[in-house]
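Undergrad: One structure, pasted below without further comment.
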Amino acid sequence: MTEKHTNRIAKAFDHGKAFVAFITCGDPDLETTGKVVRQAAANGADLIELGIPFSDPTAEGPVIQGANIRALSGGVTTDKIFEFVKELRKDVDIPMVFMTYANVVFSYGTEKFVKICSEIGIDGLILPDVPYEEKADFQPTCQKYGLSLISMIAPTSHDRIAMIAKEAEGFLYIVSSLGVTGERQAITTDVGAIVDVVRQNTDIPCAIGFGISTPDQASTMAQKADGVIVGSAIVRRLAEYGKDAAEPVGAYVKSMKDAIADL
């Protein structure tokens, strides 16, 4: 595994609790995505998940589905996103990973897709529709090019948690709630118990996502893990403010990062 890649993801977690921001590429356009990523980074985001839009995003709730539809109708393609990231890397040096679906990678050509990721400075890949049992379709290629294939652990993983954790790379994405992404009033899963099992099996950092939208929720979840992941609350601001979203997103990221900074 190339040192550069491994180190970049580790860097997100080496100075306290990490704030991970998810942003859909091309919603409403790539120029806005660039401004939002830069504002998020400037306001304390430690790692950025860039969503490559897909027409059938099975893990997503209505907010991120809407972003996918807006981005695709705006004409965004995987190649345009690759070019965009290449530009972004000229001045954004925090870790960045792609979050997309298996079909996006397969249809592009897995080897070609992963090779380009590594060339443009993407550190890892999250594929929510690829279960642990099928990760062999992607993992060897990711390892060849120094990308971390990020594993997800859900409340239903039960006796698979240890198995997934043992082979985890980069960081572990712990899904806080059953169902799809979206802001939630309350998170009822015993996330702490999941993290305990993870800790017994790996030193890799864990970040909790799905349903976190307020500073209070971020603080509660960050006490249990190494970081928090927020998507829908950011994407909702993009839907609301469109091309003017960078500042409101920056302010929101700052409020969330401040809530977990001293933990």
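Undergrad: Is there a residue being assigned to a loop (DSSP other than H, G, I, E, B) and under 30 Å from residue 220 (Cα atoms) anywhere in the range 111-122? Please lay out each step first, then the result.
TA: To start, the set of residues in the range 111-122 that are assigned to a loop (DSSP other than H, G, I, E, B) comprises 121-122.
From what's left, under 30 Å from residue 220 (Cα atoms): 122.
So far as the range 111-122 goes, yes, one or more of its residues are assigned to a loop (DSSP other than H, G, I, E, B) and under 30 Å from residue 220 (Cα atoms).
Undergrad: Please indicate, with yes or no, whether at least one residue in the range 156-175 is polar (S, T, N, Q) and either in contact (Cβ under 8 Å) with a residue 40 or more places away in the chain or crowded, with 22+ Cβ neighbours inside 10 Å (or both). Working first, answer last.
TA: If we filter the range 156-175 for residues that are polar (S, T, N, Q), which is where we start, we get 156-157.
Retained after the next criterion (residues that are either in contact (Cβ under 8 Å) with a residue 40 or more places away in the chain or crowded, with 22+ Cβ neighbours inside 10 Å (or both)): none.
The answer is no, given that none of the residues of the range 156-175 is polar (S, T, N, Q) and either in contact (Cβ under 8 Å) with a residue 40 or more places away in the chain or crowded, with 22+ Cβ neighbours inside 10 Å (or both).
Undergrad: Moving to a separate point now. Applying the selection to the range 103-123, what residues are open to solvent by 10 Å² or more (accessible area, probe 1.4 Å) and of a type in the set (A, V, I, L, M)?
TA: So the first thing to find is which residues in the range 103-123 are open to solvent by 10 Å² or more (accessible area, probe 1.4 Å), and the list is 103-104, 106-112, 115-116, 118-120.
Result: 104, 116, 120.
Undergrad: Can you go through 53, 57, 28 and tell me which one is surrounded by fewer than 21 Cβ atoms within 10 Å (Cβ to Cβ) and under 27 Å from residue 184 (Cα atoms)? Give the derivation first.
TA: On the way: 53 fails: surrounded by fewer than 21 Cβ atoms within 10 Å (Cβ to Cβ); 57 fails: surrounded by fewer than 21 Cβ atoms within 10 Å (Cβ to Cβ).
Going through 53, 57, 28 in turn, just one is surrounded by fewer than 21 Cβ atoms within 10 Å (Cβ to Cβ) and under 27 Å from residue 184 (Cα atoms): 28.
Undergrad: Here is a follow-up. Could you pull out the residue among 226, 244, 203, 196 that is free of Cβ contacts under 8 Å to residues at least 24 places away in the same chain and either buried (at least 18 other Cβ atoms within 10 Å of the Cβ) or within 24 Å of residue 31 (Cα to Cα) (or both)? Break it down stepwise before answering.
TA: Numbers: 226 fails: free of Cβ contacts under 8 Å to residues at least 24 places away in the same chain; 203 fails: either buried (at least 18 other Cβ atoms within 10 Å of the Cβ) or within 24 Å of residue 31 (Cα to Cα) (or both); 196 fails: either buried (at least 18 other Cβ atoms within 10 Å of the Cβ) or within 24 Å of residue 31 (Cα to Cα) (or both).
One residue alone meets the criteria, 244.
Undergrad: Only residues in the range 179-191 that are open to solvent by less than 40 Å² (accessible area, probe 1.4 Å) count as the first member; pair them with residues that are charged (D, E, K, R), Cβ under 9 angstrom, at least 6 apart or cross-chain, and list the lot.
TA: Between residues of the range 179-191 that are open to solvent by less than 40 Å² (accessible area, probe 1.4 Å) and residues that are charged (D, E, K, R), the close pairs are 181/60; 182/60; 191/224.
Undergrad: Same structure again: Across the range 87-98, what is the number of residues that are within 19 Å of residue 169 (Cβ to Cβ) and open to solvent by 10 Å² or more (accessible area, probe 1.4 Å)? Let's see the steps before the verdict.
TA: Narrowing the range 87-98 to residues within 19 Å of residue 169 (Cβ to Cβ): 94-98.
So of that shortlist, the ones also open to solvent by 10 Å² or more (accessible area, probe 1.4 Å) come out as 94.
Final tally of qualifying residues: 1.
Undergrad: Among residues belonging to the range 123-144 that are free of Cβ contacts under 8 Å to residues at least 60 places away in the same chain and hydrophobic (A, V, I, L, M, F, W, C), point out the one that is farthest from residue 88 (Cα to Cα). If you could, list the steps in order and put the result at the bottom.
TA: Of all residues in the range 123-144, those free of Cβ contacts under 8 Å to residues at least 60 places away in the same chain come to 125, 127, 130-142, 144.
From what is left, the residues that are hydrophobic (A, V, I, L, M, F, W, C) are 125, 127, 130, 136, 138, 142.
On the way: 125: 17, 127: 22, 130: 27, 136: 30, 138: 25, 142: 22 Å.
The residue in question is 136.
Undergrad: Go through the residues of the range 78-86 one by one and say whether even a single one is touching a helix residue (DSSP H, G or I) at 6+ places or on another chain (Cβ under 8 Å) and open to solvent by 70 Å² or more (accessible area, probe 1.4 Å).
TA: Of the range 78-86, the ones touching a helix residue (DSSP H, G or I) at 6+ places or on another chain (Cβ under 8 Å) are 78, 80-82, 84-86.
Subset that is open to solvent by 70 Å² or more (accessible area, probe 1.4 Å): 80, 86.
Yes, some residue in the range 78-86 is touching a helix residue (DSSP H, G or I) at 6+ places or on another chain (Cβ under 8 Å) and open to solvent by 70 Å² or more (accessible area, probe 1.4 Å).
Undergrad: Okay, next question. Under the condition of being in contact with a strand residue (DSSP E or B) (Cβ under 8 Å, 6 or more places away or on another chain) and part of a helix (DSSP H, G or I), which residue from the range 123-142 is nearest to residue 194 (Cα to Cα)? Step through it out loud before you land on a result.
TA: Initially, the range 123-142 is screened for residues in contact with a strand residue (DSSP E or B) (Cβ under 8 Å, 6 or more places away or on another chain), giving 123-128, 135, 138-139, 142.
Then keep just the ones that are part of a helix (DSSP H, G or I); that gives 135, 139, 142.
Details: 135: 21, 139: 24, 142: 26 Å.
Here the residue is 135.
Results for (1) at pLDDT below 95; (2) within 15 Å of residue 245 (Cα to Cα); (3) not hydroxyl-bearing (Ser, Thr, Tyr), shown as yes or no for each residue.
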site	(1), (2), (3)
30	no, yes, yes
44	no, no, yes
48	no, no, yes
66	yes, no, yes
84	no, no, yes
94	no, no, yes
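Undergrad: For a quick check of your reading of the model, give me the residue pairs whose first member lies in the range 25-48 and is within 19 Å of residue 93 (Cβ to Cβ), whose second is polar (S, T, N, Q) and not in a helix (DSSP H, G or I), with beta-carbon atoms closer than 8 Å and at least 6 apart or on different chains.
TA: 33/24
The values are calculated or read from the model by the stated rules, or taken from the named source; none is laboratory data. Model, not experiment: these values are computed from the prediction. Positions of Cβ are backbone-derived with ideal geometry, glycine not excepted, and every protein chain shown enters the neighbour counts. Only protein heavy atoms, including side chains, enter the accessible area calculation; ligands, DNA and RNA are left aside. Shrake-Rupley method; radii C 1.70, N 1.55, O 1.52, S 1.80 Å.
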